[in-house]
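Input: a single structure, listed below in structure tokens.
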Amino acid sequence: MKKYTNINDIDNVSEIIQEAIQLKKDPFKFEALGKCKTLIMLFFNSSLRTRLSTEKAAKNLGMQAMVLNVTDAWNLEHEDGAVMNLDKAEHIKEAARVISQYGDIIAIRAFPTLTDKAKDESEHIINSFIKYATVPIVSMESATAHPLQALADAITIEELKTKKRPKVVLSWAPHPKALPQAVPNSFVTMMHELDVDFCVTHPKEYELNPEITKDTPIIYNQEKALKDADFVYVKNWSSYKNYGQVLSEDTNWMMTKEKLGKAKFMHCLPVRRNVVVKDVVLDSNQSAVIQEANNRTYSAQIVLKKILEDLK
Ligand code: CP
């Protein structure tokens, strides 16, 4: 694997899921692979799970890991030909090449603005690192995608499924803040790689990017969508059409025990209790969120392993 910024960077999704499940059973098996190699993690935004699980994944492979909160470094310019006489002290052209000398893989978290759709869709931060860095790039969540999360979610579904072709529903939830579409985008893309009966449910006006959902059934009636579900992935996202806006905080879309039925509850975390989902769901044995978070380590580890094998 040359990079991991989108799910389509994986050659064979079923194979990588099975390999990740094997790695989980014996996480230090490939400890020699990353010896004398360094992962550099650049955070433009906050994180709990991604930061710790990706570092753990690197260390399980024998790598060293270095973290830079980019807000502590120089403000980066991304425009080609910019006259840098304002607040940007360093150009990405130098920064990416300099960082590439200190690490063998660069992992980046860079959220969207949620105000400038064109800029967000250009993925200007992660793409400028892909352009100017001289080492492989891994996305730890970009403006439009969270592929490490989606891989962890797929591993979790594979571990928990009790039938060959489970029904999986992505269900929008209310939230007081405008959140990115990265997690649902990658989840939808990942579900198309799995043998699942998949649909999305959300209020009207919360359509995701139609390019991403073009082959996905969208059911506006949540109760109908949730019928006989085996897995319910609950997530808020802000409007794509009215870009970045919170159009509804309708509490009727919150996940409850009654609506969940017998399904497993999934969420990428962090989650707002009693806004997105009722306590009783999160505290029940139907909640898969802790297992999902644990699988973040193995999704990162299998991706880093594939990239390290390609570096040789
Ligand atoms: N799910 C996830 O990416 O968690 P963090 O934002 O805490 O890294």
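The values are calculated or read from the model by the stated rules, or taken from the named source; none is laboratory data. Keep in mind the model is a prediction, meaning the values are calculated, not measured. Here the Cβ is made from the backbone with ideal geometry for all residues, glycine too, and neighbour counts use every protein chain on show.
Things to note:
- Answer residue from segment 31-51, given it is in a loop (DSSP other than H, G, I, E, B) and touching a residue at least 60 places away in the same chain (Cβ under 8 Å) and is surrounded by the most Cβ atoms within 10 Å (Cβ to Cβ) among those: 34
- Failed criterion for residue 80 (all others in (1) part of a helix (DSSP H, G or I); (2) modelled with pLDDT under 95 hold): (1)
- Test for residue 96: is it hydrophobic (A, V, I, L, M, F, W, C), under 25 Å from residue 151 (Cα atoms) and surrounded by 13 or more Cβ atoms within 10 Å (Cβ to Cβ): no
- Checking the stated criteria, residue 184 turns out not to satisfy the condition of being more than 16 Å from the ligand (Cβ to nearest atom), modelled with pLDDT of 95 or more and within 20 Å of residue 222 (Cβ to Cβ).
- Looking across segment 52-72, just one residue is within 13 Å of residue 38 (Cα to Cα), in a helix (DSSP H, G or I) and β-branched (Val, Ile, Thr), and that is 54.
- Residues satisfying the stated conditions in segment 9-65, i.e. polar (S, T, N, Q), closer than 22 Å to residue 106 by Cβ and more than 16 Å from the ligand (Cβ to nearest atom): 38, 60, 64
- Restricting segment 83-93 to residues that are of a type outside the set (S, T, N, Q) and part of a loop (DSSP other than H, G, I, E, B), the residue that is surrounded by the most Cβ atoms within 10 Å (Cβ to Cβ): 88
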